[in-house]
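Asks: This structure is in structure tokens; I'll ask about it shortly.
The values are calculated or read from the model by the stated rules, or taken from the named source; none is laboratory data. Please read these numbers as outputs of a predicted model, since none were measured by experiment. No Cβ is skipped: glycine too gets one built from the backbone with ideal geometry, and neighbour counts run over all protein chains shown.
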Amino acid sequence: MKIAAVIDNTLGAGGGFDQALNAIAQMQRLCSGRFDFEVFTTQSGNLDILSSLGINATHFKYTWADRLFVMLATSPIWQRAQLRIKLVGPLENKLLLHGVDLVYFVTPAPTPLAFQRLNYITTVWDLCHRDSPEFPEVREFGTFFLRESLYRHLLPRAILILTDSPELADRACFRYGVDRERFLSMPFGASPLLRKGELTTEEVRSRYQIPNQYFYYPAQFWAHKNHIRILDALCILRDKHDFKPTVVFSGKDYGNLYWVSKSIRKRDLELQVIVLGFVKSEEVRALYEGASAIVMPTYFGPTNLPPLEAWSIGVPLIYSASLFNQVRDAAELVNPDDANSIANAMLNVLLPTRRAELIEAGKRRLKEIDSERVLAEQEFLTKLQVFSKRRDCWPSE
């Protein structure tokens, strides 16, 4: 049996891209000596990044015809027509010509909606359009309806659905009526790009004029990332505690940077907040290493990548209490709606005893997650072997 992994997004997607790389490396390892495995990407810019990780990939251009097939896929008229005309889209046809039997989409993507012959594994990272529909990035201009339609049509036909936690699998099962045994919870891993690099913290601090002590938030500029509450916490620390710490923000702008920048000026925090925008992975690593703590009062979950990265590097973590199931006792928990809660946490993590407790708890939690991943990989392999037996029951296309 031959399995193909397909990656649709790019490095600019941030943590989503990192997790896709982890998923590809994991599948490559599971397939070794058992199944044929090949990687395809619709983004030519990914080829060098994959190659640097020892992963050979083939670029397939995603054409207008592929997009048309996806758009038509959920139309009852098109579905009835397909019973007669039996058309296969360009991307699926290329995969069939490569002898692929099963396609693993390592990112949430509408592409498999158009598949007529190939079976697929899909991935769900979050259902935040249902968890927190008030945020513009999951509500405005049809976004909510597009997400809802995607999962409603995509999940029932998947032979397996990967989520990062049992909590997310339970939500998806309940909301979309898909049998729970079709879900597999596979914990996230730290970014493979966040390896020890040549850049030191001192070099990066000098490059961006960052002081010795700073808090760090690696997050794209979306409203749900809650940069605003960190700014409020800085005002509290300044006005009530005469403490003026520096906070460093890095991440790509998805439309909310203008509001964050305006809020920084409004609160007179220009000397305390450093906005770097999107930075290279080696710089992110160095920023982690030099930080007093990672502060992440995000609203979206139920899991995120920065906690894993903070723990693996040995940096204290401040995290939203609503996402407790991911971190347990390995974070200073805060109410993301309460700036006082965040301000107090920023003071607490500077205490030597508390810092040591959080770093040690992070190491323990990382080991627990690694153990969970080993068990999930065993289950994953079993499900692949079952599919392989069933795939023998019909001819290759």
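Asks: Take the conditions free of Cβ contacts under 8 Å to residues at least 12 places away in the same chain and of a type in the set (Ser, Thr, Tyr) and apply them to THR353. Does it pass?
Replies: yes
Asks: Let me spell it out: the conditions are (1) part of a helix (DSSP H, G or I); (2) under 30 Å from LEU30 (Cα atoms); (3) not hydrophobic (A, V, I, L, M, F, W, C), and PRO395 meets all of them except one. Which number is the exception?
Replies: (1)
Asks: Continuing with this model, one more query. In the range 153-188, which residue that is acidic (Asp, Glu) and in a helix (DSSP H, G or I) is nearest to GLN19 (Cα to Cα)?
Replies: GLU167
Asks: Quick test for you: out of LEU68, LEU30, pick the one residue that is farther than 26 Å from LEU381 by Cα and either buried (at least 19 other Cβ atoms within 10 Å of the Cβ) or not basic (Lys, Arg) (or both).
Replies: So the residue among LEU68, LEU30 that is farther than 26 Å from LEU381 by Cα and either buried (at least 19 other Cβ atoms within 10 Å of the Cβ) or not basic (Lys, Arg) (or both) is LEU68.
Asks: Out of all the residues in the range 121-137, which are closer than 21 Å to PHE174 by Cα and touching a residue at least 24 places away in the same chain (Cβ under 8 Å)?
Replies: ILE121, THR122, THR123, VAL124, TRP125, ASP126, LEU127, CYS128, ARG130, ASP131, SER132
This table checks each residue for (1) at negative phi; (2) in contact with a helix residue (DSSP H, G or I) (Cβ under 9 Å, 6 or more places away or on another chain); (3) part of a loop (DSSP other than H, G, I, E, B).
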residue	(1), (2), (3)
ARG117	yes, yes, yes
ASP126	yes, yes, yes
GLU137	yes, yes, no
GLY142	no, no, no
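Asks: ASP268 passes all but one of (1) over 12 Å from TYR208 (Cβ atoms); (2) crowded, with 19+ Cβ neighbours inside 10 Å; (3) at pLDDT 95 or above; which number fails?
Replies: Here ASP268 clears every test but (2).
Asks: Could you tell me which residue of the range 73-84 is surrounded by the fewest Cβ atoms within 10 Å (Cβ to Cβ), considering only residues that are touching a residue at least 12 places away in the same chain (Cβ under 8 Å) and touching a helix residue (DSSP H, G or I) at 6+ places or on another chain (Cβ under 8 Å)?
Replies: THR74
Asks: Condition test on GLU167, is it within 16 Å of VAL284 (Cα to Cα) and either touching a Cys at 6+ places or on another chain (Cβ under 7 Å) or surrounded by fewer than 20 Cβ atoms within 10 Å (Cβ to Cβ) (or both)?
Replies: no
Asks: Could I ask something else about it? Among the residues of the range 147-170 satisfying the criterion of being touching a Lys or Arg at 6+ places or on another chain (Cβ under 9 Å) and acidic (Asp, Glu), which is nearest to GLN385 (Cα to Cα)?
Replies: ASP170
Asks: Here is a follow-up. What single numbered condition from (1) closer than 22 Å to SER132 by Cα; (2) over 20 Å from the mean Cα position of the chain (by Cα) fails to hold for PRO297?
Replies: Condition not satisfied by PRO297: (2).
Asks: For the range 119-163, how many residues are more than 30 Å from ASN226 (Cβ to Cβ), over 18 Å from the mean Cα position of the chain (by Cα) and buried (at least 19 other Cβ atoms within 10 Å of the Cβ)?
Replies: Matching residues across the range 119-163 total 3.
Asks: Condition (residue is closer than 28 Å to ALA172 by Cβ, in contact with a Gly (Cβ under 7 Å, 6 or more places away or on another chain) and in a loop (DSSP other than H, G, I, E, B)) applied to the range 280-303: is it met by at least one residue?
Replies: Within the range 280-303 (the criterion being closer than 28 Å to ALA172 by Cβ, in contact with a Gly (Cβ under 7 Å, 6 or more places away or on another chain) and in a loop (DSSP other than H, G, I, E, B)), the answer is no, since none of the residues qualifies.
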